[in-house]
Amino acid sequence: MTAAMPDAPVDTTTSTDVSRPVDMPANRPDGLATSPLDQACRDFAVTNCVRLTMCEPFVVRLLFGDACQPRMYLLCMSAGSAKDISAALTPAAIQSCTRTVQGASCADIVSGTAIDGCLPSGTRPADKACAIGTQCASGYCRRPPGTGVGCGTCAARMPANGKCDENDQCERGLVCTPGNLCVKPVALGSACSPNVPCQSLLTCTTGICVMPATTVDSPCIDNDCSGQHGLYCARPITATRGTCRPVGLAGAGGACGFTVTGPVFCAASGTCDALPGAPSGRCVAAGLDNQECQTAVTANRGCLYPVTCGDHLCRPYPALSCF
């Protein structure tokens, strides 16, 4: 993550508190989960959030705020209870996937390989409506970007050099480039560019894949500070080198964008609401489940991950007609 910014400190004290959904449902009075799927998804949520927080702490706060575990639980329960999922997608399979994630490398966790490869695909063929990827034979439920639809369509994953809009659209092990092509990322020390991306956790600096710095005040040249850890290269405009500084993270109503103290993002899937052409604006909190989104009043409000905005409501997967 890089920015040629004035040599000024970044505000990291901005509150990231946001309205949040309820936690995972309480266990029964005897301390047991309500079902094998419930227990499997509790374990899945806790393990995933622990590992994600270790590997990409800034991204966790950016997507979830302080609600990682309940949102991961929602995702897991939806994946394991939707219609037309594989008969192999059992609570035992989810527990096995949890163990895989627990022992996976940060590179596999950040790239999504750890989870993507351990949940079996569903039975719905291409062009059938879907709410979540585990319903589809391809494992991919496509929602065209920017459409705001709730239900998607099962679609084939694209091979190398196939057209794409997002990483999930590519076959496992490939990523979608800014040029909208699926390609295989290159390794540490390889030549790179926007359309020849580096492997997970690496960054492309001066045309070479390098391991970015993960600590504040580390020296940097360009794009060699870890975005997963919320760092950017603060470099005076006339200088060739700078230092890694923290990216700001703001809650609802906080200043965001390119502020006088540096770049600031919105926590918990929030949106930076700025006038056209303006470098900064104010954070709009993400909609919680069943709240309005992208209406005339809430034009810039999205939904708290992993829910998307469909028909102007943040509809959890089970509320969708295609679930």
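The values are calculated or read from the model by the stated rules, or taken from the named source; none is laboratory data. The structure presented is a predicted model; accordingly, all values stated were derived computationally and were not measured. Cβ sites come from the backbone with ideal geometry, for glycine too, and all protein chains shown count toward neighbours. Just so you know, the surface numbers come from the protein's heavy atoms only, side chains and all, with ligands and any DNA or RNA stripped out. Shrake-Rupley method; radii C 1.70, N 1.55, O 1.52, S 1.80 Å.
Only one residue in Ala114, Ala93 is of a type outside the set (Lys, Arg) and either assigned to a strand (DSSP E or B) or in contact with a Pro (Cβ under 7 Å, 6 or more places away or on another chain) (or both), so which one is that? Going through Ala114, Ala93 in turn, the sole match is Ala93.
For region 239-255, does any single residue satisfy the condition of being within 25 Å of Arg51 (Cβ to Cβ), within 21 Å of the chain's Cα centre (by Cα) and open to solvent by 60 Å² or more (accessible area, probe 1.4 Å)? No, every residue in region 239-255 fails to be within 25 Å of Arg51 (Cβ to Cβ), within 21 Å of the chain's Cα centre (by Cα) and open to solvent by 60 Å² or more (accessible area, probe 1.4 Å). Give region 44-58 a look and list any residue that's open to solvent by 30 Å² or more (accessible area, probe 1.4 Å), within 15 Å of Asp108 (Cα to Cα) and of a type in the set (Val, Ile, Thr), or say none. Val50, Thr53 - these are the residues of region 44-58 that are open to solvent by 30 Å² or more (accessible area, probe 1.4 Å), within 15 Å of Asp108 (Cα to Cα) and of a type in the set (Val, Ile, Thr). Residues that are without any contact (Cβ under 8 Å) to a residue 24 or more places away in the chain and in a helix (DSSP H, G or I) within region 100-109 comprise Thr100, Gly103, listed in sequence order. A search for C-beta distances below 6 Å between a residue of region 300-314 that is at pLDDT 90 or above and of a type in the set (Ser, Thr, Tyr) and any residue that is crowded, with 17+ Cβ neighbours inside 10 Å and part of a loop (DSSP other than H, G, I, E, B), counting only pairs 6+ apart in sequence or on different chains, returns Tyr305/Ser269.
Taking the criterion of being of a type in the set (A, V, I, L, M, F, W, C) and in contact (Cβ under 8 Å) with a residue 24 or more places away in the chain, would at least one residue in region 138-151 satisfy it? Yes: region 138-151 contains one or more residues that are of a type in the set (A, V, I, L, M, F, W, C) and in contact (Cβ under 8 Å) with a residue 24 or more places away in the chain. Restricting attention to region 187-222, and to residues there that are farther than 21 Å from Arg61 by Cβ and touching a residue at least 24 places away in the same chain (Cβ under 8 Å), which single residue is surrounded by the most Cβ atoms within 10 Å (Cβ to Cβ)? Residue satisfying both the conditions and the ranking: Cys220. Report whether or not Asn290 is outside any strand (DSSP E or B), in contact with a Cys (Cβ under 9 Å, 6 or more places away or on another chain) and closer than 30 Å to Ala319 by Cα. Yes: the conditions hold for Asn290. Scanning region 59-91 for residues that are open to solvent by 20 Å² or more (accessible area, probe 1.4 Å), of a type in the set (A, V, I, L, M, F, W, C) and more than 28 Å from Phe265 (Cβ to Cβ) turns up Met77, Ile85, Ala87, Ala88.
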